[in-house]
Amino acid sequence: MAREVIAGITTFLTMSYIVVVNPAILSTPGTGMPFSGALTATVLVCFTMTLLMGLYAKLPFGVAPGMGLNAFFTYTLIINGGIGWPVALGIIFWAGVLFLLVSATPLRERIAMAIPDTLRAATAAGIGILLTFIGLQSAGFVADHPVTLVGVGPLDHRSMLTLAGLFLAVWLSRHQNPLAYVASIGAVTAGAWIGGWVTPPAQWLSAPDFSSVFFKLDMWGALSLALVPAMITVMMTDLFDSLSTFIGVAQAANLVDERGEPKNLRQGLIVDAVATLGAGLFGSSSGTAYVESIAGIRMGGRTGLTAVVTALCFLPCLFIAPLAAAIPPYATAAVLILVGVSMFQAVARVPFDRLELAVPAYATLILIPLTFSITQGILWGFILHAALHVAVGRARAVTAAAWGLAAASIALLVIEHAY
C-alpha cells in the first residue's frame with residue numbers, strides 16, 4: 001500500500017503543471033473565459049476523473065485536460081473560429097457523448113485500426129509544433145509582422161526568464177526529478193516577481209469559482225451542422241490520445257493481460273470519454289489519461305489505488321486561484337516547448353522515402369500549426385492518404401475503413417465551408 005501511495009504522489013507531481021498551464025491557455029485574451037473559473041474546472045476534471053479511473057477502471061492513470069486539445073479549444077474554436085466559449089464547451093460535451101458511445105462498442109477498435117500510423121504520428125508531431133509556437137509567442141521569441149505574419153521578437157525579460165526556466169526543467173528532467181515542470185514555472189514566476197514585471201498576489205488562497213464557467217455550456221448551440229467537423233475532431237483526437245497512452249504505457253510497464261492487451265482498456269476508454277463529457281460540463285477542454293502516469297507506475301503503482309491518491313492530491317489546488325493568476329504567461333512557455341518536443345518525436349515513425357505516406361503525414365503535420373487547426377490537418381491527411389495511394393497505383397493498400405474516413409473528411413470539409 002505504501003508503494004501505491006508514493007506512486008500516486010509521484011504521478012501528481014509530474015502532471016501538476018496542468019493546474020496552471022491549462023487555465024492559462026483557456027483564458028488567453030480573446031476567449032473571454034475567466035482564469036479562476038478555468039482553474040476550478042481544470043482541478044475538477046483532474047480530481048473527479050482520476051478518482052473514477054482508480055475506482056471504476058482500476059488503473060493507475062492520472063486524468064487531466066489534454067495538452068493540444070486545450071490549444072484547439074482556445075485558438076481553433078474560439079479565437080480563429082469566432083465561436084463563443086459556451087458553445088465551444090458544448091462541442092466538448094457532445095464530443096464526449098460520441099466518444100462514450102464509441103468506447104462502449106467494438107467500433108473503437110475498428111476506428112483505431114483504420115487510422116494509418118503515419119497520420120497518428122504526424123498529428124502528434126503537428127500538435128507538438130503548435131504548442132511550441134504558442135510557447136515561443138508567450139516568451140516573446142516570435143512576434144507579429146505586418147508582411148511575413150510572424151517575425152523575431154525582442155530579447156527582453158520574458159525570453160531570458162523562459163530560457164532560464166527551460167534550462168532548469170531540462171536539467172531536472174535529466175535527473176528524473178518529477179518536479180521539473182513545476183520548478184520551472186515557479187522559478188520563472190519568482191524571477192518575474194523579483195524583477196517587478198509581475199505583482200505578487202495580495203492573497204494566496206480563495207474559494208473555488210463555481211459561478212463563471214461551471215455548467216455554463218451551450219449544448220444546444222453546439223449542435224449546428226457547421227460545428228460537426230470540430231466535434232468529430234475532438235472525439236477522434238481524444239481516441240488517438242487515449243489509445244496511444246493506454247497501449248504505450250501498458251506495454252512499457254507490463255500492464256497487460258494474458259493476451260498481451262492493455263488491462264481494462266474498455267473501462268479506461270470509458271473513463272476518458274466521461275472525462276471529455278464532464279470537462280464540457282465543468283468548463284474546460286476535454287480530459288484524457290496522461291502519459292506522465294508512467295512516472296508513478298515506475299515507482300510501483302499497479303492498481304487503482306495509485307489513481308485515487310493522485311486524485312486526492314489535486315483537491316487542495318481548488319483554492320490557489322489568486323496564486324496561479326499571478327503567474328505570468330511566459331512562466332509556462334518552457335513547459336509548452338518541452339511538451340512540444342516530446343510530442344514531435346513521433347515524427348520518426350513517418351517513412352519520408354515513400355511519398356504516398358510522407359505527403360499526407362507532412363500535410364497533417366504542417367497544416368496543424370499553420371492553420372492553428374487540428375481539424376484541418378487530420379481531415380486533409382485522411383483525404384491525401386487515399387488519393388495518393390491511388391495516384392501511385394497502390395489503391396488496394398487502402399483499407400475500406402480508411403476509404404470511409406477519407407469520404408467522411410470530404411463531407412466534413414464541405415459542411416465546414418458551406419455553413
Next item on the list: Among the residues of segment 363-401, write down those that are within 24 Å of T74 (Cα to Cα), buried (at least 19 other Cβ atoms within 10 Å of the Cβ) and not hydrophobic (A, V, I, L, M, F, W, C).
Entry: T364, P369, S373, T375, Q376, G377, G381
Check: Of these, M67, M49, which one is farther than 21 Å from Q376 by Cα, in contact with a helix residue (DSSP H, G or I) (Cβ under 8 Å, 6 or more places away or on another chain), outside any strand (DSSP E or B) and touching a residue at least 60 places away in the same chain (Cβ under 8 Å)?
Finding: M49
Next item on the list: Say whether the condition of being of a type in the set (V, I, T), touching a residue at least 24 places away in the same chain (Cβ under 8 Å), surrounded by 22 or more Cβ atoms within 10 Å (Cβ to Cβ) and part of a loop (DSSP other than H, G, I, E, B) is met by at least one residue in segment 187-201.
Entry: no
Next item on the list: Within segment 89-147, track down each residue that is in a loop (DSSP other than H, G, I, E, B), at pLDDT 90 or above and among the hydrophobic types (A, V, I, L, M, F, W, C).
Entry: F141
Margin query: Can you find a residue that is over 19 Å from T375 (Cβ atoms), of a type in the set (S, T, Y) and surrounded by fewer than 17 Cβ atoms within 10 Å (Cβ to Cβ) anywhere in segment 212-222?
Written below: yes
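Of T162, T233, which residue is of a type in the set (V, I, T) and modelled with pLDDT of 90 or more?
After applying the criteria, what remains is T162.
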Margin query: Condition first: among the polar types (S, T, N, Q) and either touching a Pro at 6+ places or on another chain (Cβ under 8 Å) or over 24 Å from G128 (Cα atoms) (or both). Now tell me which residues in segment 34-90 satisfy that.
Written below: S36, T40, T42, T48, T50
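This table checks each residue for (1) under 14 Å from the mean Cα position of the chain (by Cα); (2) of a type in the set (A, V, I, L, M).
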position	(1), (2)
F35	no, no
T76	yes, no
L130	yes, yes
Q137	no, no
Checklist line | Checking F314 against (1) surrounded by fewer than 24 Cβ atoms within 10 Å (Cβ to Cβ); (2) in contact (Cβ under 8 Å) with a residue 60 or more places away in the chain; (3) hydrophobic (A, V, I, L, M, F, W, C), the condition it does not meet | finding: (1)
Checklist line | Considering residues of segment 297-306 that are part of a helix (DSSP H, G or I) and touching a Pro at 6+ places or on another chain (Cβ under 6 Å) only, the residue modelled with the highest pLDDT | finding: T306
Notebook entry, point to check: Give me the pairs: first residue in segment 283-309 and of a type in the set (D, E), second residue not in a helix (DSSP H, G or I), beta-carbon distance under 7 Å, and six or more apart or on different chains, which are they?
Noted result: E292/G62
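The rows are residues; the columns are (1) within 22 Å of L77 (Cα to Cα); (2) aromatic (F, W, Y); (3) in contact with a Ser or Thr (Cβ under 7 Å, 6 or more places away or on another chain).
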site: V309; (1), (2), (3): no, no, no
site: C317; (1), (2), (3): no, no, no
site: P322; (1), (2), (3): no, no, yes
site: A333; (1), (2), (3): yes, no, yes
site: L338; (1), (2), (3): no, no, no
site: R354; (1), (2), (3): no, no, no
Checklist line | segment 202-211, subset at pLDDT 90 or above and surrounded by 14 or more Cβ atoms within 10 Å (Cβ to Cβ), residue farthest from A321 (Cα to Cα) | finding: F210
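Yes/no per residue for (1) in contact with a Leu (Cβ under 8 Å, 6 or more places away or on another chain); (2) among the charged types (D, E, K, R); (3) buried (at least 20 other Cβ atoms within 10 Å of the Cβ):
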| site | (1), (2), (3) |
| --- | --- |
| G126 | yes, no, yes |
| T132 | yes, no, yes |
| G135 | yes, no, yes |
| D144 | no, yes, no |
| T148 | no, no, no |
| G151 | no, no, no |
| L161 | no, no, yes |
| A164 | no, no, no |
Next item on the list: Return the pairs, sorted by first residue and then second, in which the second residue is among the β-branched types (V, I, T) and buried (at least 24 other Cβ atoms within 10 Å of the Cβ), the first residue lies in segment 52-63 and is under 14 Å from P262 (Cα atoms), the beta carbons are less than 6 Å apart, and the residues are 6+ apart or on different chains.
Entry: A57/V271; P60/T306
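The values are calculated or read from the model by the stated rules, or taken from the named source; none is laboratory data. Since the structure is predicted, the reported quantities are computational estimates derived from the model, not experimental observations. Glycine gets a Cβ as well: all are built from the backbone with ideal geometry, and neighbour counts include every protein chain shown.
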